[in-house]
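Below is one structure; the comments refer to it alone.
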Amino acid sequence: MTTPVLDLGSAWWGLVPAAGAGRRVGAAIPKQYLELGGAVVIDLTLATLLDHPRVQGVVVALDPNDGHWPHTRYAAHPRVWTAVGGAERCHSVLNALAVLAGKAADDDWVLVHDAARPCLRRSDLDRLMSVLADDPVGGLLGIPVRDTMKQAGLDGHIQATVPRDGLWHAFTPQAFRLGVLRRALGAALTAGHWVTDDASAVELLGLRPLLIEGHADNLKITRPEDIPLARFFLQQQGRTC
Ligand code: C5P
């Protein structure tokens, strides 16, 4: 099947934070280097971005002591650059934005996508990019919450039931203009807000990013049980054996 040619306006770049240790998975190596059905997680993640004809290049934020990256598929790719990761995801993204600022314009789009989300569908990426092409703020992929939501108290008992209407799970990619995202993350960190996603920083500027519905298989590998699930999704997509 041929992919329709999209009019996506200005240039698009990828930014992949990959400097986390991923301890909750319980593996001997960081989760972005686990092998799933013959492919390495970060290779799958980067392939989706680099295979997109509108993505000019990708900056990957890495732990300074990372010994795995040089052995991966895109380590020496001409459109892949690295940045030094920071204490939290938000610091890693800000460092990578500084590297990207040497190559991209302030108005260019940046797709920030977690290394630990290898199952992103090309069709979801296309949708995000085409919906946002003329958007003044930017936005992110996500899915509406399906389960009933409970707020727990410190004792583990329920404190409240939170109405799920309008609640979403926030995924990545999250896409913003380079200049806006740099300003937003810089201001958030200066104010002491170690935001857990990029949209949160943009929201703190008083802007309202757009939520774009994607698919639940765009999971972030976090716990041991996510590994067989990710493998299954990738097999279903025909991307691994
Ligand atoms: O820990 P979590 O799964 O929320 O991390 C999301 C993404 O951010 C992962 O791809 C991880 O490698 C990255 N990260 C980072 N720098 C950190 C912590 C996490 O780049 N200090």
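The values are calculated or read from the model by the stated rules, or taken from the named source; none is laboratory data. On a predicted model such as this, the values are computed, not experimentally measured, just so you know. No Cβ is skipped: glycine too gets one built from the backbone with ideal geometry, and neighbour counts run over all protein chains shown. Calculation scope for accessible area: heavy atoms of the full protein, side chains included, ligands and nucleic acids excluded. Shrake-Rupley method; radii C 1.70, N 1.55, O 1.52, S 1.80 Å.
Figures for the structure shown
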item: Sparse-neighbourhood loop sites, trypsin sites (Lys or Arg not before Pro) in the stretch 143-228 - DSSP loop, at most 12 other Cβ within 10 angstrom; result: R146
item: Charge-dipole axis of the stretch 130-184 as Lys and Arg at +1 and Asp and Glu at -1 on Cβ define it, positive-most pick from G153, G138, P163; result: G138
item: Loop sites in the stretch 172-241: GluC sites (Glu not before Pro), DSSP, at most 15 other Cβ within 10 Å; result: E225
item: Residue (of A27, F176, G214) at the positive-pole extreme of the chain, dipole from beta-carbon charges; result: A27
item: Of all accessible heavy-atom area on the stretch 101-241, the percent that carbon and sulfur account for (1.4 Å); result: 50
item: Per residue solvent-accessible surface (Å²) - the stretch 1-99, probe of 1.4 Å; result: 47
item: Alpha-carbon spread of the chain, three principal axes, descending order, Å; result: 53, 41, 41
item: The chain - share of DSSP beta bridges that are antiparallel (%, nearest 5); result: 45
item: Dipole in debye (nearest 20) - the stretch 1-120, about Cα centre, beta carbon charges: Lys, Arg +1; Asp, Glu -1; result: 280
item: Environment charge at L36 (Cβ cut-off 11 Å; Lys +1, Arg +1, Asp -1, Glu -1); result: 0
item: Karplus (6.51, -1.76, 1.60) ³J(HN,Hα), θ = phi - 60°, over the stretch 170-176, in Hz, Gly and Pro reported as x; result: 8, 9, 10, x, 10, 10, 9
item: Furthest towards positive pole of dipole, H193, L125, V60, structure part the chain, Cβ charges; result: V60
item: About the Cα centre, charge dipole magnitude for the stretch 93-241 (Lys/Arg +1, Asp/Glu -1 at Cβ), debye; result: 280
item: Size of electric dipole in the stretch 119-201: Cβ of Lys, Arg +1 and of Asp, Glu -1, about Cα centre, debye, nearest 20; result: 140
item: Vicinal HN-Hα couplings computed from phi for the stretch 69-80 (Karplus, 6.51 cos²θ - 1.76 cosθ + 1.60; Hz; Gly/Pro x); result: 3, x, 8, 8, 5, 9, 4, 10, 5, x, 10, 10
item: Neighbourhood charge, 13 Å Cβ-Cβ cut-off, centred on A105 and excluding it, Lys, Arg +1 and Asp, Glu -1; result: 0
item: Choice from D43, D51, D108 showing the highest fluctuation, given a GNM over the chain with Cα pairs closer than 10 Å; result: D51
item: Å² per residue, accessible surface of the stretch 133-241 at 1.4 Å; result: 58
item: Value of [θ]222 nm, deg cm²/dmol, for the chain, DSSP H segments ≥ 4, -39500 (n - 2.57) each, nearest 500; result: -8000 deg cm²/dmol
item: Under 5 Å, built H, 5+ apart or other chain: amide partners of F171; result: L141, G142, I143
item: Relative contact order (%) - the stretch 83-209, alpha-carbon pairs under 8 angstrom, separation at least six; result: 30
